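**Q** Structure incoming, see below.
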Amino acid sequence: MKKIITLSVLLFAGFSFAQTTQNETAMKYAETITIEDMKEDLTILASDALEGRETGKRGQKMAAAYIKAHFEELGLVGPVKDGPNPYYQNVVLKSSKPGDIYVKIGDTKLKNLEKVLYYGNLTVENEATTEVVFVGAGTEDDFSSVDVKGKSVLLFNESRGGRSKAMKLAYKKGAKMVFILRTTSEEDFAKMFKMFTNYFAKGSLGLADDDNKEQSSVGAFYLSPSQAEEIFGKSVDKLTKAITDKENGKKNALKKIKPGKVSFKVGFDSKEIISENVLGFLEGSDLKDEVLVLTAHYDHLGIGKDGQIYNGADDDGSGTVAVMDIAEAFVKAKADGNGPRRSILFMMVTGEEKGLLGSAYYANNPIFSLESTVADLNIDMIGRIDDRDLENKSYVSLVGADKLSTELHEISERANELYTNMFLDYTYNDPNHPERIYYRSDHWNFAKNGIPVIFYTTGSHPDYHKPSDTVDKIEFELMTKRAKLVFYTAWEIVNRDGRLIVDKEMDPNEKR
């Protein structure tokens, strides 16, 4: 009995020593992720010289070249076989700028970017006349009470996520066009119009060979309250009252708003352009056929019509340089004989700001099979403190860790407990959160294919998507700490004995 106890103690001591040694090794290389390196890289990527890194434009090409040079200098392998540059996965896109787009209500012609705003890729080359039915807030229950097939719909919804779901639902049910009212105030519509006109005027990008119909089958006109009133001959107050009545059990409340009639045309001027995902590959050892992917998007919004540069320091310069520095830490570990057991693909994706295009392209055309991909750790905006009133500023918001793999969530929690001791915020992980962040960055194109993901962010702030998102506002100490958490989580994933177990299926209510 004594011998058995002694053997157990020795085995436990040996395991504890090995675990401690592994922890110390991880900490050694995490310390190579420094504020100084991050500041140096971000100052270049978010400089005026890179012109806001708009997808397909010169600044994006310059950023891609800078990232590629970093990967080459580290000695990462360019894994792309079918192109002229092994570090670039060429992403073929179709650029569509607004052409002849308008709505006619009665005898009044409302031109796009002058009186109305059109957003989307749905094209209607010849003027169409259509009946417009009111579908309330555009919920599933609202649509069930109104026949919309072959007609157009108008909905009122102040929630971004609610509008997005309603728009897709409308086309699924056979609607010809969607008209959206997002405020009951003419003043608020004017503010929204001013805020988004330049952005909508730039047009849209989509994958040229697009198997993902989410990218190409929807569009909507945003209308003012007075324009909506003119369609139905009813005040906005009566429209909102119909929504309230429906919610209070009056099943026919929406039908009492008699259909209106409009004509519209949606024409685009289109051309093909090439952008690039930038890839660097670090081969593992005994489990090298399994691949962990680390992603961040390096594109941003470019230059506005007024000439102001949208530098995108936090969105997503912060995530980009974090992945660059994490790559350097793993390369140093391998050089010292402590390389990862599994392989790692460090991938900076293009076109996130245009609809997650680069990651969608990779998911459709993977360099390493999706079956061999164990997880995606995606970083998008980790350099700031958001505009929520959080007591603990040393935090990071995590999305998706528990959606598909219990083990991944546990690894993430344990890594934080052992090493970084930050407040892990799961506010955005709630499937009912109105921001629907789970679907709004590049991890989604892995998650929807059954690959476990963690999305690291710190949420929005007053400079989000503004020219004022600049390097001087970055909290580099916190940003570095957040990057280290990603490193520690990645370290465990690539070095553990067993592959992450996918023990959950996607909730059907969480389909995008």
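The values are calculated or read from the model by the stated rules, or taken from the named source; none is laboratory data. Quick caveat: nothing in here was measured; it's all calculated off a predicted structure. Virtual Cβ from ideal backbone geometry, glycine too; neighbours counted across all protein chains shown. Calculation scope for accessible area: heavy atoms of the full protein, side chains included, ligands and nucleic acids excluded. Shrake-Rupley method; radii C 1.70, N 1.55, O 1.52, S 1.80 Å.
**Q** Hey, got the Cα dimensions of segment 327-383 along the principal axes, in Å, largest first?
**A** Largest first, segment 327-383 extends 40, 32, 14 Å along its Cα principal axes.
**Q** Which entries in the list Lys168/Lys466; Lys39/Lys473; Lys334/Lys448; Lys109/Lys246; Lys191/Lys255; Lys173/Lys261 go over 23 Å, if you measure between the two C-alpha atoms of each?
**A** Pairs exceeding the cut-off: Lys168/Lys466; Lys334/Lys448; Lys109/Lys246; Lys191/Lys255.
**Q** Using the 2.2 N^0.38 Å rule of thumb for compact globular proteins, work out how segment 419-459 stacks up: its C-alpha Rg over that value, please.
**A** Compactness ratio reported: 1.26.
**Q** Got a number for carbon plus sulfur as a percent of the chain's accessible area, 1.4 Å probe?
**A** Within the chain, the accessible surface is 50 percent carbon and sulfur.
**Q** Also: Using the per-residue mean of other Cβ atoms lying within 10 Å as a proxy for protection, in what order, highest first, do the peptides 365-378, 339-352 fall?
**A** 339-352, 365-378
**Q** Along the Cα→Cβ direction, 7 angstrom out, place labels at Lys104 and Lys261. What is the inter-label distance in nm?
**A** For the pair Lys104/Lys261, the computed spacing is 1.1 nm.
**Q** Using +1 at the Cβ of each Lys and Arg and -1 at the Cβ of each Asp and Glu in segment 239-326, identify which of Asn311, Ala253, His300 lies farthest towards the dipole's positive end.
**A** It is Ala253, whose Cα lies furthest towards the positive end.
**Q** Ratio of segment 257-346's C-alpha Rg to 2.2 N^0.38 Å, to two decimals?
**A** 1.81
**Q** Relative contact order (percent) for the chain, with alpha-carbon contacts under 8 angstrom and 6 or more residues of separation?
**A** 20 percent
**Q** Ratio of Rg to Rh for segment 224-307, alpha carbon only, Kirkwood?
**A** Rounded to two decimals, Rg over Rh is 1.32.
**Q** Compute the distance in nm between two label points, each set 7 Å from the Cα along the Cα-to-Cβ direction, one at Glu247 and one at Ile35.
**A** About 4.7 nm, to one decimal.
**Q** Follow-up question, since we're still on this one. Which residue, Val266, Phe221, Thr244, has the largest displacement toward the positive end of the dipole of segment 200-341 when charges sit on each Cβ (Lys, Arg +1; Asp, Glu -1)?
**A** The one lying farthest along the dipole's positive direction is Thr244.
**Q** Would you mind calculating the relative contact order of segment 249-333 from Cα pairs under 8 angstrom and at least 6 residues apart, reporting the percent as a whole number?
**A** Reported relative contact order: 20 percent.
**Q** Show me, for segment 245-262, the HN-Hα J-couplings you get by feeding each phi into the Karplus relation (A = 6.51, B = -1.76, C = 1.60, θ = phi - 60°), rounded to Hz, glycine and proline as x.
**A** 4, 4, 5, 8, x, 7, 4, 9, 4, 6, 5, 6, 7, 5, x, x, 9, 9
**Q** What is the Rg over Rh value, at two decimals, for the chain, using alpha-carbon atoms and the Kirkwood definition of Rh?
**A** Radius of gyration over Kirkwood radius for the chain works out to 1.02.
**Q** If you place +1 on the Cβ of every Lys and Arg and -1 on the Cβ of every Asp and Glu, how big does the dipole about the Cα centre of the chain come out, in debye to the nearest 20?
**A** It comes to approximately 1980 debye.
**Q** Let me ask something else about it. Roughly how many nanometres apart are two label points built 7 Å out from the Cα toward the Cβ at Lys305 and Ala201?
**A** Distance between the two pseudo-spin positions: 0.2 nm.
**Q** Which of Pro340, Leu287, Tyr439 sits farthest toward the positive end of the charge dipole of the chain, with +1 on the Cβ of Lys and Arg and -1 on the Cβ of Asp and Glu?
**A** Tyr439
**Q** Is there a quick way to get the dipole size of segment 430-504? I mean about its Cα centre, with the Cβ of Lys and Arg at +1 and of Asp and Glu at -1; what is the value in debye to the nearest 20?
**A** Computed about the Cα centre, the dipole is about 220 debye.
**Q** Could you give the accessible area per residue of segment 256-398, probe 1.4 Å, as a whole number in Å²?
**A** Dividing the accessible area of segment 256-398 by its residue count gives 32 Å².
**Q** May I pose another question? Just need the relative contact order of segment 359-505 here, percent rounded to a whole number, with Cα pairs under 8 Å and 6+ apart.
**A** Reported relative contact order: 41 percent.
**Q** What Kirkwood hydrodynamic radius, in Å, does segment 402-499 give when the mean of 1/r is taken over all pairs of distinct Cα atoms and then inverted?
**A** 15.2 Å
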